[in-house]
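Down below is the structure, laid out as structure tokens.
Where a number appears in this text, it was derived from the coordinates with a stated rule and is not lab data. Every value quoted in this text rests on a predicted model; they were computed, and no experiment measured them. For neighbour counting, all protein chains shown are included, and Cβ atoms are generated from backbone atoms with ideal geometry for every residue, glycine included.
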Amino acid sequence: MSWSILVLSGVLEAVWAAALSASGGLRRKRPTVLFAVALVASMAGLAYTMRDLPAGTAYAVWVGCGASLTVLWGVVKGEERATWGRSLLLVLLVGSVVGLKAVS
């Protein structure tokens, strides 16, 4: 259960990062509200999972999920370029997250 919540919290990290970017420096109301709600939910999920998982592992998985999804969202929106190097590094990042689960 903790791993599922942790991955969901990582997804919410990507949501709040995208909402923060869309908020225009916290000047636009809807993205700012989405940012705040997703941030609190993401942190609460991370805190909950740290009761069962080591802090370093939980944080690494949370950041890995959030960072990779944030980059993918930027590529889908056309704000970032998808290069072979970036793609390879994202695969390595996701592989590292899976590896942390496998050795836990």
Original post:
trypsin sites (Lys or Arg not before Pro) within the stretch 10-104: which are DSSP loop residues with at most 15 other Cβ atoms inside 10 Å?
Top reply: ARG27, ARG28, ARG51, LYS77, ARG81
Subject >> Kirkwood-based shape ratio for the stretch 6-97, expressed as Rg/Rh from alpha carbons >> reply: 1.02
**OP:** Based on the mean of other Cβ atoms within 10 Å per residue, sort peptides 9-15, 62-68 so the most packed one is first.
**Re:** 9-15, 62-68
